[in-house]
Every structure is written in structure tokens, then in C-alpha cells.
Amino acid sequence: MSFQTPNPGRPDTGRSTGGSGNPPRPDSGRPNSGRTGGGRAEDTGTMAPDVLVDDVDEADGATGAPTSEANYVAEKDRSFLSRLYTGTGAFDIIAKRRTWYLVTAAILLISIGSIAIRGFTLGIEFEGGTQVSIPVSAGITSDSVEEVFSATLGEEPESVQTAGSGSSETVQVRTETLTIAQTEQVTRALADKFGPGLTAAEVSSSDVSSTWGGEITEKMLIALAVFLVIVFVYIAIRFDREMSTAALASLFFDIIVTAGIYSLVGWEVTPATVIGLLTILGFSIYDTVVVFDKVAENTRSVLQTSRRTYGEQANLAVNQTLMRSINTTIISVLPIIALMVIAVWLLGVGTLKDLALIQLVGVVVGAYSSIFLAAPLLVTLKERREDISRHTKRVLDRRARVAAGDDYREPRPVRGRSSTGRTSRRAEADAPQAPTGKRRRSR
């Protein structure tokens, strides 16, 4: 009499094969159901406590991430434009954040030094004074008008510029506040110099009080304070406090550097400049929030993986949004440049020029701060947390053991199951291969 023993390579359903003599079915690779001899046995396999989720490649993070360290290194061999376009994490922005901190600190020092030493070239709205407008006709130029003012008043005017185009083109002269007698004297001198094509009635003048510019500045500072508080609270609720702190630091950098560039170059500060400063902060915080949103997506389950650190996942997020930030900046700069061209060469409107100029500076500075300051500063703040610091150390220790050729995992039980209920591939590979087939026993 013969009988067939259960095949250790497949689940035992507890049914006798009888004497049909049919060969056993091959192992289908399905997980062990735990049933033996018609009864349900208790599963003694347990998951190793130090086994992390990243045994599968899907835990690497965001879509498009290289699935192994080898692929990650290989990405760096691709061309610059290819790496930039695909956003594969080949630019080590976070790893080199100390370099970017030094660059940022140097820019801040130059800006603060320029503000403290050179100061600002304030417009007439902030200092007060008199503005005289002369319509342009044959023989009237900004240089000839400046000569008339200097000869009449005994001192050069603060600024002389041309505004408008065609029949509406004028020469605008700004000086210190003039008395009524001084204004009439200058008007007669201009009519005598450029008459009969210019009459005294065509020359207009207006006095501007310095208090008006002060009121504009005060209201701007109040609006700026409210804006910063709202931004801090929103990002703290939407993400976390570390992100809100990094975003706020980025905004302060934008304000100081933009003001420093104005001071360094000597551009005139007008109410339009002050208003434009608020618009560039909106662009900067929008770009920063987009980067932070990708960082939050990539690092959502970073503590459950030993493949990458928080900083590496954040660096991947920066790379994935880098091309988008560049495209957004270019698209924003193009209409600003068009506005400057129209304001300066076609219309000669000083207000539009001042507004476009600060927006141009602010957009470029904001794009820099969101990538090279906000994201690195976020990683630095995060790595001060105990759980992330511990995780970073565990990842680096694991890599050191792998590089040394040591096995960095505890062996799993043969019948162990993963958290998804599937038998571990490592456990199946380590399991001894049991013999299959029939054994005959003599009666």
C-alpha cells in the first residue's frame, strides 16, 4: 500500500490524495494558508522588528525617483539639460546647503552694508519739493532745461527726465521746494530761452509734501506686517512650524536684498516702488509653497524607510520643482520687461517704470530664495528633531554596513509574513528546498 506525503512546497489543504497516483501539483507561489491536516494551525511567524518598508522599491518616494542607489548615481552621468528637465534628483542642492548659506550670507551682508552706507535715493514724494513740467518742442532738451534752472536758481535741480512720447512728451524737473517768486522766475527764464515756441502759460509746476510719501510708507509697513503674520499662520496650519519659519526667513531675505539692490545701484525709491515690493512677496511665497508641498509629499513616509534620509527626499522634491520654478520665473519676467519697454521708451511713464523695475528684481530674488534658501533651511530645522536625526543616523549606518559587506538586516523567520500579508521574498529564498514526489513504504 502506498500513500503520498504532503508537498512542503505548496499549501496543504488537508485532503488525502487517495490512490489515484496523480503527481503533485507544482508550487504556485501562493502564500502558506497555515492549514495542515484539515485543521488551522496557529501562525508562529513574526515580522522582524527592524525590517522597514523600503524592502520594496515603491517606498522610494515620489514618481520618477530612481529605484536604487545605483540608478541614482547613474542619473548624475546624464547631461545637464536632461537632469534639469527630468528632475531626477541629480543636483545636490540640499547636500551643499552650507555653500548656499555662505552665498546667501554674502548677499545679505552686501545688501545691508549698502543700505547702511549709501542709503536710498528717495523720490520727491518722500523728501518733498517742486516739480516743473515743460512740454517738448523744437530745441527743448533735458540738458538745455537743466542749464536754464542752474543759471536761474544758482544750483542744479535734483533730477531732470523726459516723460511721455509724441505730442505729450514733456521734460520733468524736480527740485527742492521753491517759493512762488522762484517758480515765476524759472518760468519766465524758460519762456525767454525757448520762446516763441514756448510760453509761460505752458509751463506747469506743483509742490509735493514729504508727508504724503511718509503716509504711503506707513501704510505699506502695516500691510507688510499683516501679510507676514497671515503667511506664517497659514503655512504652520497647512504644513508645519518648520516650514513656516523657513518661508518667513525667505521673505525677509527677499525684502532686504531687493532694498539692497536699489541702494547699491542708486535707483530712485517712489511710492510705486513701495507698492511693488508687496507684489513680489506674493510671488515669492507662492513659489516657496509649491516647493514645500512637493517636499511634504516626498517625505510623508520617510521615517518608515531606510533607503533615503529626509534631506535626500527633500532634495528630490527641489529637483522635481526646479524646472517649474525656472519656467515660472521666465514667464513672469517677460511681461515685466515688456512693461518696462512700454513705460520707458514708448510712454515715458515713470510710475510704470518704477513698478516694473522692482518686480523684475523681486521675481529673480524670490526664485533664488525659494530654492536655495527656504528648502535647505527647512532641512536644517527638520534635522534638529530627534526622530529625523535618529532616522538619518540609521540610514547612514546602514549604508556604511552595506559598503563594508556586512548584512544589515536580521534574518526573517521562514514562515514570516510582511505587513501586507504576503510571504517575504527573502524568507522564501532563505527557506530550505524540501524534496517533492512520492515515497513508498513496504507493507
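Trp345 meets the conditions (1) surrounded by fewer than 19 Cβ atoms within 10 Å (Cβ to Cβ); (2) at pLDDT 85 or above in every case but one. The failed one is (2).
Apart from one condition, Ser306 fits all of (1) within 10 Å of the chain's Cα centre (by Cα); (2) among the small types (Gly, Ala, Ser); (3) not in a helix (DSSP H, G or I); the exception is (1).
Among the residues that make up segment 154-173, is at least one of them surrounded by 14 or more Cβ atoms within 10 Å (Cβ to Cβ), among the polar types (S, T, N, Q), modelled with pLDDT under 80 and in a helix (DSSP H, G or I)? For segment 154-173, residues surrounded by 14 or more Cβ atoms within 10 Å (Cβ to Cβ), among the polar types (S, T, N, Q), modelled with pLDDT under 80 and in a helix (DSSP H, G or I): absent.
Each residue in segment 96-151 was checked for being of a type in the set (Val, Ile, Thr), assigned to a helix (DSSP H, G or I) and crowded, with 16+ Cβ neighbours inside 10 Å, and 6 of them qualify. Do we have any residue at all in segment 81-88 that's in the same structural domain as Gly266 (by TED's automatic domain parsing), modelled with pLDDT under 85, part of a helix (DSSP H, G or I) and buried (at least 18 other Cβ atoms within 10 Å of the Cβ)? There is at least one residue in segment 81-88 that is in the same structural domain as Gly266 (by TED's automatic domain parsing), modelled with pLDDT under 85, part of a helix (DSSP H, G or I) and buried (at least 18 other Cβ atoms within 10 Å of the Cβ).
A count restricted to segment 286-315 and to residues that are out of contact with any Ser or Thr (no Cβ under 7 Å at 6 or more places or on another chain), at pLDDT 90 or above and among the hydrophobic types (A, V, I, L, M, F, W, C) stands at 4. Among the residues of segment 195-218, those identified as out of contact with any Ser or Thr (no Cβ under 7 Å at 6 or more places or on another chain) and under 17 Å from Thr141 (Cα atoms) are Gly195, Pro196, Thr199, Glu202.
Cβ separations smaller than 8 Å between residues 6+ apart or across chains give the following pairs from segment 271-283 residues that are within 22 Å of Ser209 (Cα to Cα) and in contact (Cβ under 8 Å) with a residue 60 or more places away in the chain to residues that are crowded, with 21+ Cβ neighbours inside 10 Å and of a type in the set (Ser, Thr, Tyr): Thr273/Tyr262.
The values are calculated or read from the model by the stated rules, or taken from the named source; none is laboratory data. Every value quoted in this text rests on a predicted model; they were computed, and no experiment measured them. Virtual Cβ from ideal backbone geometry, glycine too; neighbours counted across all protein chains shown.
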